[in-house]
């Protein structure tokens, strides 16, 4: 998509100027009435049930314009659990000793996600940060590790937050100019995939699996080009989901198992990507 064309000469009054002017009108019963508000300055109107189609469009358009303005052409997507702690950190989500033990064991994937983001970002630097820019959900856990890895090497990274009861703020490593907030899960997931050249899925819960299976479905049904699709954690995924059994049961094609690669380390994951695209491994 082309960058917005900024016209210096604008003979017509700007909408933001009219918003400012409309707030200066005399205070009368007429000007206080909701009907008098400018439509695009009327929060009650914009958040009404009938305006959902417009809100969907706005939520799709705003990040698209910002990413195009930044010149970002492709991304590396990191999906993974918000509950995965940094090694040595508190397993804050654990509800019992078993969960605490497992979350602490899975903390190694925080480090692998961070290193994978570093490698991806070093390659991105060679493109002027236009290609293979790291994008995460912008929250804690694996998402934080991804944005943090980009920050480690001075690279920008994208965060696609969503309004949730327990995750109100983006992690501190997301590039502020590339930090977006969403109301609609569906539009957020579209933005994850619209520029994706690789997808890395780390251990996670329902949200991670939702993102994983929607992405795989799009590739399986040829609604999306096949791209490197990495599942980090051979032991985790073999225990949590028996994808081979789906093929044995005939509910997916045996060839569908080839849509993804299971790896354990950042270097293994990047090799799959570099082999697929013919990158020079030294750049990672």
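Within segment 233-244, at least one residue is surrounded by 17 or more Cβ atoms within 10 Å (Cβ to Cβ) and on the phi > 0 side of the Ramachandran plot.
Entry remark, segment 75-110: residues being touching a strand residue (DSSP E or B) at 6+ places or on another chain (Cβ under 6 Å) and surrounded by fewer than 17 Cβ atoms within 10 Å (Cβ to Cβ) number 0 in total. When the strands (runs of 3 or more DSSP E) confined to segment 156-229 are screened for residues that are free of Cβ contacts under 8 Å to residues at least 24 places away in the same chain and farther than 18 Å from residue 58 by Cα, none reaches at least 1 such residues.
Please note which helices (runs of 4 or more DSSP H) are completely contained in segment 29-136 and include at least 2 residues that are under 25 Å from the mean Cα position of the chain (by Cα) and without any contact (Cβ under 8 Å) to a residue 60 or more places away in the chain. Walk me through how you get there before you give the answer.
On the way: elements: 29-32, 43-46, 52-69, 97-105, 108-125.
Correct list: 52-69, 97-105, 108-125.
The set of residues from segment 240-271 being free of Cβ contacts under 8 Å to residues at least 24 places away in the same chain, assigned to a loop (DSSP other than H, G, I, E, B) and farther than 21 Å from residue 218 by Cβ comprises 242, 250.
Throughout, read-outs are computed from the coordinates displayed, never taken from laboratory work. In this text the structure is predicted, and so the values were computed from the model without any measurement. Neighbour counts are summed over all protein chains in view; Cβ atoms, including those assigned to glycine, are modelled from backbone coordinates with ideal geometry.
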